[in-house]
Amino acid sequence: MNIPDPLDPVAALNAAHPDAIKDTKTFRDELTIIIEPQDVPTVLRYLRDTPGLIYNYLSDISPVDYYPEYDRPARFGVSYHIYSMLYNRRLRVKTFVEEDEPVVPTATTIWPGANWLEREAHDMMGIVFDGHPDLRRLLMPADWDGHPHRRDYPLGYETIQFSFNVEEIMKHKPFAKE
Amino acid sequence: MAEMTAPTTGPTTDMSQWQGSLDELRGLVSDRAMTGETMLLNMGPHHPSTHGVLRLLLELDGEEVVSCLPDVGFLHTGIEKNIESKTYEKGVTLTDRMDYLAPMSNNMAFNLAVEKLVDLDVPPRGQVIRVICLELTRIQSHLVWLGTHAIDMGAMSVFLYCFRERERILDMFEMLSGQRMMGSYFRPGGVWRDLRPEFLPALEDFLDYFPAKIEDYEKLLTSNPLWLDRTQGVGIIEPDVALAWGVSGPSLRGSGVNWDIRKAMPYSGYENYEFNVPLGEHGDVYDRYIIRIQEMRESLKIIRQAIDNLPDGPFRSENRKFVPPPRTELGQSMEAVIHHFKLWTEGFSAPDDEVFVAIESPRGEIGCYIHGTGGTMPRKVRFKTPSFMHIQAIPVMSEGHMIADLVGIIGSVDIVLGDCDR
């Protein structure tokens, strides 16, 4: 079988889709390509289908919240960890979305397996995946408020009870009163 | 009461107490379910053959599965969220509890990610001890899988034999860490303590004892006509479909895709061991069974090589910026006291950046994504777990099959709900 030589993903993407790549970064030998949210399906499809790249396996979709202070372009980052079985290398495609409009086009059109990964990101981080066939909550109950993995979502520790705050605590205890 | 279409065919039921609405299922099940032509059936979350708390909403046409909607989240414990408020070393304890049948694999993924994030090396002895533990974990996880899978299919005795052998492995884990299952034995920089003197003899005993037991399981199942009838040609998944759905590990190799992260991207010195990666060709339940049986043999080979080449030296990194000093040093060195205090109260800092590490757990690819804050606690920890992807793929494998085969299919992809829900 004739396997084409591996291509540099950054150079290949720049040639095929100029302006798609906003930034690149390498940390501990992991290459990250940063793109705009609306480019996600085009870039992922290009990386999957181009001979010499063939990133054919979607390992993970990992959202991250940079709340409260950040030097990133926006509050939420969404990373697509893709893997090429042919060339045995990994790549992270990352995009940033703002808090008031956390919308990324869906990747389920490229990998059907992105379905639950996106549902979980939606459930836990409140990212909206535009065009997703069935964007319901996955792990939390359907009527749950908020998105637990956001950094401003409290862990829910019990407040330590002292004599001065005992009444305040009793007010919001769940057991029946009187 | 919500409005709904009364069933026109099928069994008559008293719908006067019905509170919900079928409308929310529109688009998820076929339209025939709306008229009552097919039956909607809840399987689980307390069904024994779902290996935990998995609920499947099945749409059945007679005995045939028309559609299958997995519902997960019953075992969600917020482990990823909790690690965000723990130092990196304390986070290890929680990772044990995700995939409770392969705790060491979770430890490994988390520790590798932490080590990569802070650029910490593991000494050779620590790496070899880790490999021994990982392969023992693989065997014990496959034993639980084989036992429960066989009992689902009606073969009771295999279950008892498997658990008998598994107990020996758990005893060895207890020698290492003091705990049978949730040992938290791997720590950033190596392992918690050195091998106990009684461990290696026990392991040698096990290596002599276990190969014959694998033969026994194979005698009971591999060419058993009942087993062949139930497993061959059932739950077929084509290689390209499996890849698209994110299936990994033995379930992917059952379809003939040669991808084992231990070979593809070796970690912890796996490149130094000689072993085969068994592959299937049909992608059915039977192939996935054969592969796991073979993997147990390959694991024994790896353990054999690891014992023969076990190096001397430290079992954990001696970089005191990340690894607390042993207790014996505390009485003699002020420096050690300072390091001990700093590491156990504050912990070590990691850069404000991200890493993704994936390893081959008994079930498949388990990936760990860690984003540091520059401080001592992570900003985000995320685990990509194989069971999560496999449960998602169950409908692909099961549609069109009989409901009795569904039980075999769920068993064959080896799911653990703690692994899925985290």
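Coordinate-derived values only; no laboratory data. From a predicted model like this one, the values you see are computed outputs, not experimental measurements. In this analysis, Cβ positions are derived from the backbone assuming ideal geometry, glycine residues included, and neighbour counts consider all displayed protein chains.
What the table below lists for this structure:
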read-out	value
Alpha-carbon Rg/Rh ratio, for the range B:267-422, with Rh computed the Kirkwood way	1.10
Degrees between helix B:103-118 axis and first principal axis of chain B (Cα, 0 to 90, nearest 10)	60 degrees
Over the range A:68-178: Kirkwood hydrodynamic radius from C-alpha pairwise inverse distances, Å	17.2 Å
CD proxy at 222 nm, helix term only [per DSSP H run n ≥ 4: -39500 (n - 2.57); per residue of chain A; nearest 500]	-5500 deg cm²/dmol
Net charge over other residues, Cβ less than 10 angstrom from the Cβ of B:Glu399 (K, R count +1; D, E count -1)	-2
GNM result for chain B, Cα springs below 10 Å: residue of B:Val247, B:Val323, B:Val29 fluctuating most strongly	B:Val29
Global form of the range B:160-276, assessed from the alpha-carbon gyration tensor, a/c cut-off 1.5	oblate
Sum of side-chain charges, B:Met39 neighbourhood, beta-carbon under 11 Å (Lys, Arg +1; Asp, Glu -1)	-4
Shielding of A:54-64 by partner chains, average beta-carbon count, 10 Å	6
Where a label projected 7 Å from the Cα of B:Arg193 along Cα→Cβ would reach, residues of the range B:77-99 with amide N under 18 Å	B:93
Taking only Cα atoms of the range B:79-421, radius of gyration then Dmax in Å	20.5, 70
Tail weight of P(r) past 15 Å, computed on alpha-carbon pairs of the range B:23-66, percent	46 percent
Inter-chain Cβ neighbour average for residues B:387-400, partner chain, 10 Å	2
Label point at B:Glu335 placed 7 Å out along Cα→Cβ; residues across the range B:111-137 whose backbone nitrogen lies under 19 Å	B:121
Angle in degrees between helix B:156-177 and the longest Cα principal axis of chain B, rounded to the nearest 10	20 degrees
Highest to lowest packing among B:138-148, B:31-41, scored as the average C-beta count within 10 Å	B:138-148, B:31-41
Neighbouring partner chain Cβ atoms per residue of B:355-367, average, 10 Å criterion	3
Inter-label distance, nm, simple model (7 Å from Cα along the C-beta direction), B:Met402/B:Arg327	6.0 nm
Taking the range A:9-151 and dividing mean pair separation by its residue count, relative contact order in percent (alpha carbons under 8 Å, at least six apart)	20 percent
Between 0 and 90°, nearest 10: helix B:403-412 axis offset from chain B longest Cα axis	10 degrees
Cα gyration tensor shape for the protein assembly as shown, rounded if a/c is under 1.5, else prolate or oblate	rounded
Per residue, the convex hull volume that the Cα atoms of the range A:9-151 enclose (Å³)	114 Å³
Between the range A:97-152 and the range B:213-286, the alpha-carbon center distance in angstrom	32 Å
B:Ser85 versus A:Val10: modelled label distance in nm, points set 7 Å from Cα along the beta carbon direction	3.9 nm
Overall dimensions of the range B:314-354 as given by Cα atoms, namely Rg and Dmax in Å	11.4, 38
Alpha-carbon Rg with Dmax, taken over the range B:340-422, Å	18.5, 61
Cβ-defined net charge surrounding B:Val285, 13 Å radius [Lys, Arg +1; Asp, Glu -1]	-3
